[in-house]
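Presented below is the structure to which this report refers.
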Amino acid sequence: LEDPRIKVIHFPSVEEYSKILRESHVFLSCSRSEGWNLPLLEAMASGTPSIYSNESGQLEFAKGRGLPVKIKKTIPAIGFKDCGDWYEPDFEDLKRVMRDAYENWHNHKEKALRDSNEIREIFSWERAANAANDRLAQIKDRIKDVNLVRARRDSISYNAIRGAFLEVIRNEPGEF
């Protein structure tokens, strides 16, 4: 891809990546299949006006924020067995949203900066670690409740001391 208006950067450092997000005019992530879309969350947390497909797991944090693009239809995930459907963006709406992002950039930037404060509070790493810790505690309690730990000497341990850590020890084959 060669265009003086577009930068293609492969594997930047965390510092460089953060700087790129903060200094970019718009983040465009309108794809057929993106899942939770961590790069979109990072762009929104950086206060960058962001264009995205109005579907999938990313709506957990993006709904009501940024510049969503309508989905025209769903299509089977090509070449990926049992992966569900892909979301085909409405390319006319994408064109409209991109034009709006360009023509009304200052308004979108102001809203993106306001939204970034909320996103950084709600989706902080501390909150994510606490939520993961709570969920793992629930799993551990459930295992104790059904006496799996005592009956089979199975164990589960977890922490977030140096990143996420989960260890499940199973002494018998079978479903856990």
Which of the peptides 57-66, 103-112 is most tightly packed, and how do the rest follow, going by the mean number of other Cβ atoms within 10 Å of each residue?
57-66, 103-112
At a Förster distance of 45 Å, what's the computed FRET efficiency of residue 122 paired with residue 5, Cβ-Cβ distance as r, to 0.05?
0.85
Tilt, helix 14-23 to longest principal axis of the chain (alpha-carbon atoms), in degrees rounded to tens, equals 40 degrees
Label model pair residue 141, residue 161: point-to-point distance (7 angstrom along the Cα→beta-carbon line) in nm is 2.4 nm
Probe 1.4 Å, accessible area per residue of the chain, Å²
73 Å²
Given charges of +1 on the Cβ of Lys and Arg and -1 on the Cβ of Asp and Glu, with all other atoms neutral, how large is the dipole of the chain about its Cα centre, in debye to the nearest 20?
300 debye
Quick one: grab the alpha carbon gyration tensor of the stretch 27-125, order the square roots of its eigenvalues as a ≥ b ≥ c, and give me rounded if a/c is under 1.5, else prolate or oblate depending on whether a/b is larger than b/c.
oblate
Out of the total accessible area of the chain (probe 1.4 Å, heavy atoms of protein only), what percent is carbon and sulfur?
52 percent
To the nearest 10 degrees, the tilt of helix 125-145 (Cα long axis) against the first principal axis of the alpha carbons of the chain is 30 degrees
Here are a few candidate values for Rg/Rh (Cα atoms, Kirkwood Rh): [x] 0.96; [y] 1.05; [z] 1.09. Which one was actually calculated from the structure I just gave you?
[z]
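The values are calculated or read from the model by the stated rules, or taken from the named source; none is laboratory data. Every value quoted in this text rests on a predicted model; they were computed, and no experiment measured them. Glycine gets a Cβ as well: all are built from the backbone with ideal geometry, and neighbour counts include every protein chain shown. Areas reflect the complete protein model, heavy atoms only, side chains present, ligands, DNA and RNA absent. Shrake-Rupley method; radii C 1.70, N 1.55, O 1.52, S 1.80 Å.
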